[in-house]
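FYI, it's all coordinate maths here, none of it is from the lab. Quick caveat, the model's predicted, so the values are computed rather than measured. Every residue, glycine as well, gets a Cβ built from its backbone with ideal geometry; the counts of neighbours run over all protein chains shown.
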Amino acid sequence: MDALGLPLPSNHILEKHLYGKKASPWDVLSDISEAYWDIHFPVNQHDEKEIKKVNKTIYVFTRLHRVSGRIRIPRFAGCGTWKGQTVARKICNTSTGQEIGLMKMFTFISNNNGLMEDHWNMHEYSLSGVSLSHDLKNKDYVICRITRELLSKEKK
């Protein structure tokens, strides 16, 4: 469902609940077919002793749950938290210069002393400015680009 409350024209962006007690990213995204993930191999991987990386990226819609009386949105997720890495960056319409959205970057931090097999980043895109002047039914929905950096020490 999009911000206007209409069904999405395709199923390339899935709706997932990214926040909550059972919402560690590997749990929430485990049931998604590989066909939805974009896979990238970083270029500087010549040295066989170097850690090999594979980046997998997926886009999802999620709803932000506001706590009454609070401005900040809690981003607790299973055994950790999506921790903000940047302040909100404005996204402007290139022809009018008007603000239409915001982008924020988050990194998943585990409560288990930071011990995780993979590294997770998320870019969260939300409507703002003139985009919110419309009669929107779902203002708390955002699009998230989640990147999972898989690490493995491989030797040839």
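Classified by the C-alpha gyration tensor, region 48-130 has an oblate form. Its axis ratio a/c, with a ≥ b ≥ c, is 1.5 or above, and a/b does not exceed b/c. Between Ser33 and Phe76, the distance separating the two model label sites (each 7 Å from Cα on the Cα→Cβ line) works out to 3.5 nm.
Structure note, pairs Lys22/Lys139; Lys90/Lys139; Lys22/Lys56; Lys21/Lys104; Lys21/Lys53: Cα-Cα distances above 20 angstrom occur for Lys22/Lys139; Lys22/Lys56; Lys21/Lys104; Lys21/Lys53. Annotation: the residues Trp37, Trp120, sorted from fewest to most other C-beta atoms within 10 Å of their own C-beta, follow the order Trp37, Trp120.
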